[in-house]
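What follows is one structure encoded as structure tokens, with my remarks underneath.
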Amino acid sequence: MSLSLPAALLAGCTAALLLQPAATAARADPTDPAAQRRESAGGGSVTSLPFPDGHGLAPRTTRPFELLGVGWDGSPDALAGGSVRVRTRDAVTGRWGDWHQLETDSEDGPDRSPHGATAPLWTGRSDGVAVEVRPGPAGPPRGLRLELVDPGQGAASPAARVLPGAPADGHQAPRPGIVTRAGWGADESLRDPTFEYTGPVREVFIHHTATATDYACSDAPRVIRGIYQYHVQTSGWRDIGYNFLVDRCGTIYEGRAGGVDQPVHGAHTLGFNTDSSGVAAIGTYGSDSPPQDMLDGLAAIAAWKLGLTDRAADGHAQLTSSSDASRYPKGTVVDFDAISGHRDAFNTECPGKSLYGRLPDLRRTAADLQS
């Protein structure tokens, strides 16, 4: 089924560190004099619509988009105690959908964010929007604006995949096939051109993106491009937050740039991004069960990534919290399963009750791949 189905919140799986995006010029949108549009290669764009009174927007027609969120200047917690809800119009049927609440807390924010943003919402192809904002005790934040993301067709590139490889000694597992950034159409001019690395990866955190679960797997690159554009152009991060993503068919995608076999410093688990790798299941797995193909893909990438540093997938890792905003105060040494859920490190439902319940099986599968 296509991604024009009712939207689901992208909540709770993208906490991070200070990240700076590549500069992108904004220009006026002729369809709305108040809007500013930032374009990317492959026809993608992010359109910003300011809230003149700080309390939202009346229903209106917009340029087509597939993902949205609300951003603001200043502190990430400037909307604390407030709420934001949106509804959108399906571009195909012309019908308005239900109201959806956006996550406004700091769970999706970097450790030292230059500004604030809600968690994004995947809407499918839409061409109309309405927004209601109820500010918190501090009043409306400065620069409050709606951000509409059109992922476009992707940067021009032939499909690219890192080919599977044979395992070596110790706990190393076979390298699975991985769709590279070129394969999902990443516009590399958007991200920070430099790379950041941590120490050897000793931990894999499993997330879900909280998007629709019954998407066509051929549409997964559009979802990834939408998340990428929002993380960089709206949230102000240096790149997409996850190190890898896996779709419902078990296809594995390269996330943050820097080399799939390198310890790339991601932005996925607030307080524990160091010496870890973040892998996101595309979809929402609270009550919906993750498909077996997806579980196999998650196990394959986790087994391989941990095996590169001879870490057992069914073992443990001790990490030190770097943020008081995580589940553990800064400086606390925490003993994690080598493959853990986001909720093990942060007060969140991510990766969803159903997927979290499958982690013991996933660890066993990953350990078998290593042996």
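Summary of values
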{"quantity": "Under the Karplus curve 6.51 cos²θ - 1.76 cosθ + 1.60, θ = phi - 60°, whole-Hz ³J(HN,Hα) for segment 123-134, x wherever Gly or Pro sits", "calculated": "10, x, 5, 10, 9, x, 8, 9, 9, 10, 10, 10"}
{"quantity": "Beta bridges per DSSP with both ends in segment 161-370, % antiparallel, nearest 5", "calculated": "45"}
{"quantity": "Segment 161-370: relative contact order as a whole-number percent, Cα under 8 Å and 6+ apart", "calculated": "26"}
{"quantity": "FRET efficiency estimate (nearest 0.05) - Cβ-Cβ, T61 to T198, R0 41 angstrom", "calculated": "0.35"}
{"quantity": "All-pairs alpha carbon distance profile, segment 286-371, 5 Å steps from 0, percent", "calculated": "3, 15, 22, 22, 19, 14, 6, 1"}
{"quantity": "Among 335-348, 84-97, the order from most to least packed when residues are scored by Cβ within 10 Å on average", "calculated": "335-348, 84-97"}
{"quantity": "Protection-proxy order for peptides 189-195, 174-180, 149-155, each taking the mean of Cβ atoms within 10 Å per residue, highest first", "calculated": "149-155, 174-180, 189-195"}
{"quantity": "Using θ = phi - 60° and Karplus 6.51 cos²θ - 1.76 cosθ + 1.60, couplings along segment 52-66 (whole Hz; Gly, Pro as x)", "calculated": "x, 9, x, 10, x, 9, 5, x, 7, 7, 9, 4, x, 8, 9"}
{"quantity": "Sorted peptide list for 64-76, 268-280, 285-297, criterion being average Cβ within 10 angstrom, highest first", "calculated": "268-280, 64-76, 285-297"}
{"quantity": "Computed P(r) (all Cα pairs; segment 198-284; 10 Å bins; percent)", "calculated": "18, 51, 28, 2"}
{"quantity": "Estimated D of segment 161-370 in µm² per second, where Rh is the Kirkwood radius over Cα pairs and Stokes-Einstein applies at 4 °C, 1.567 mPa s", "calculated": "77"}
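Just so you know, all these numbers are worked out from the coordinates, no wet-lab data involved. Nothing here was measured: the structure is a model prediction, and the numbers come from that model. Every residue, glycine among them, receives a Cβ derived from its backbone with ideal geometry; neighbour counts consider all protein chains shown.
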